[in-house]
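What follows is a single structure, written as structure tokens, with notes after it.
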Amino acid sequence: ANNQDGKRPENVTIKLFADDVDTGKTLILTETNNWTGNFTDLDEYKAGIKIVYPVEEVAVGNGYDTTISGDAATGYIVTNSRTPETVDIEGSKTWDDVDNQDGKRPTSITVRLFNGTTEVKTATVSETDGWAWSFTDLPKYEAGVQITYTITEDTVDDYSAEVDGYNVTNSYTPGKTSVGVTKVWA
């Protein structure tokens with residue numbers, strides 16, 4: 001798995017035990033040694049009884065869980081796993097158009113979510129949706145840097161748009177008319 005959120009440590013320490021007693025021997029595993037190492041020159045027996053050599057990993061932290069599988073004969077596999085942090089983004093539309101007085105409001109709008117310059121998701125919403133949108137379970141980090149998400153709205157004819165965070169206000173000034181009056185004296 002990748003190190004998307006930058007929380008992976010640069011190294012881990014594996015401790016060797018002999019019959020559940022800490023031997024004091026450790027391995028430092030890093031990307032440089034492909035996260036692999038060996039404990040060597042170990043006694044196979046003690047007082048005629050085969051020695052059991054379990055391993056433990058020194059706690060990694062940062063929300064990682066550790067699972068150890070395998071055995072001394074076949075080799076141990078130490079797996080660290082964590083669920084990457086995610087964010088949810090919600091927004092809504094405000095119409096500033098005198099309650100759609102001129103009937104210009106569209107039946108739906110499209111909102112686009114960006115990670116920098118890359119479009120990552122879209123949402124088409126309508127009055128049925130309460131003119132609201134949400135984008136859920138988005139990665140919070142990329143390459144160890146927190147992602148800054150932005151939104152845009154596809155142009156709505158006759159309206160000007162103002163984006164504030166993840167909310168959009170569309171404004172339309174209804175047309176005005178005039179009524180002429182002429183006084184005639186008879």
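The values are calculated or read from the model by the stated rules, or taken from the named source; none is laboratory data. Predicted, not measured: the structure shown is a model, and the values here were computed from it. Note that we place each Cβ from the backbone using ideal geometry, even for glycine, and neighbour counts take in every protein chain shown. Keep in mind that these areas ignore ligands, DNA and RNA; they rest on the heavy atoms of the full protein, side chains included. Shrake-Rupley method; radii C 1.70, N 1.55, O 1.52, S 1.80 Å.
Return yes when Thr107 is in contact with a strand residue (DSSP E or B) (Cβ under 8 Å, 6 or more places away or on another chain), β-branched (Val, Ile, Thr), within 21 Å of Asp154 (Cα to Cα) and open to solvent by 60 Å² or more (accessible area, probe 1.4 Å) and no when it is not.
For Thr107, the condition - in contact with a strand residue (DSSP E or B) (Cβ under 8 Å, 6 or more places away or on another chain), β-branched (Val, Ile, Thr), within 21 Å of Asp154 (Cα to Cα) and open to solvent by 60 Å² or more (accessible area, probe 1.4 Å) - is met.
Taking into account only those residues within the stretch 12-36 that are open to solvent by less than 60 Å² (accessible area, probe 1.4 Å) and aliphatic (A, V, I, L, M), which is farthest from Asn62 (Cα to Cα)?
Selected residue: Ala18.
So which residues in the stretch 37-57 are within 30 Å of Arg8 (Cα to Cα) and surrounded by 13 or more Cβ atoms within 10 Å (Cβ to Cβ), if there are any at all?
Matches in the stretch 37-57: Gly37, Phe39, Tyr53, Pro54, Val55, Glu56, Glu57.
Name the pairs whose Cβ atoms lie under 9 Å apart, with the first residue in the stretch 159-171 and aromatic (Phe, Trp, Tyr), the second part of a strand (DSSP E or B) and open to solvent by 70 Å² or more (accessible area, probe 1.4 Å), and 6 or more positions between them or separate chains?
Note: pairs meeting the criteria are Tyr159/Asp96; Tyr166/Glu90.
With respect to Asn62, is the statement that it is open to solvent by less than 60 Å² (accessible area, probe 1.4 Å) and either of a type in the set (Asp, Glu) or in contact (Cβ under 8 Å) with a residue 12 or more places away in the chain (or both) true? Lay out the reasoning, then the answer.
Details: open to solvent by less than 60 Å² (accessible area, probe 1.4 Å): no; either of a type in the set (Asp, Glu) or in contact (Cβ under 8 Å) with a residue 12 or more places away in the chain (or both): yes.
Taking the combined requirement at face value, the residue does not satisfy it.
Just to be sure, is Gly75 closer than 30 Å to Asn11 by Cα, out of contact with any strand residue (DSSP E or B) (no Cβ under 6 Å at 6 or more places or on another chain), free of Cβ contacts under 8 Å to residues at least 12 places away in the same chain and surrounded by fewer than 13 Cβ atoms within 10 Å (Cβ to Cβ)? Walk me through how you get there before you give the answer.
Values: closer than 30 Å to Asn11 by Cα: yes; out of contact with any strand residue (DSSP E or B) (no Cβ under 6 Å at 6 or more places or on another chain): yes; free of Cβ contacts under 8 Å to residues at least 12 places away in the same chain: yes; surrounded by fewer than 13 Cβ atoms within 10 Å (Cβ to Cβ): yes.
Yes: the conditions hold for Gly75.
Every residue in the stretch 1-11 that is of a type outside the set (Asp, Glu) and either on the phi < 0 side of the Ramachandran plot or exposed (fewer than 12 other Cβ atoms within 10 Å of the Cβ) (or both), please.
Ala1, Asn2, Asn3, Gln4, Lys7, Arg8, Pro9, Asn11 - these are the residues of the stretch 1-11 that are of a type outside the set (Asp, Glu) and either on the phi < 0 side of the Ramachandran plot or exposed (fewer than 12 other Cβ atoms within 10 Å of the Cβ) (or both).
Yes or no, residue by residue, for (1) in contact with a Lys or Arg (Cβ under 9 Å, 6 or more places away or on another chain); (2) assigned to a strand (DSSP E or B); (3) closer than 30 Å to Ser160 by Cβ:
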{"position": "Lys25", "(1), (2), (3)": "yes, yes, no"}
{"position": "Gly37", "(1), (2), (3)": "no, no, no"}
{"position": "Asp41", "(1), (2), (3)": "no, no, no"}
{"position": "Val60", "(1), (2), (3)": "yes, no, no"}
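Could you tell me which of the residues Lys46, Lys7, Lys93 is touching a residue at least 24 places away in the same chain (Cβ under 8 Å) and within 22 Å of the chain's Cα centre (by Cα)? Steps first, answer last, please.
Details: Lys46 fails: within 22 Å of the chain's Cα centre (by Cα); Lys93 fails: within 22 Å of the chain's Cα centre (by Cα).
Testing whether each residue is touching a residue at least 24 places away in the same chain (Cβ under 8 Å) and within 22 Å of the chain's Cα centre (by Cα) leaves just Lys7.
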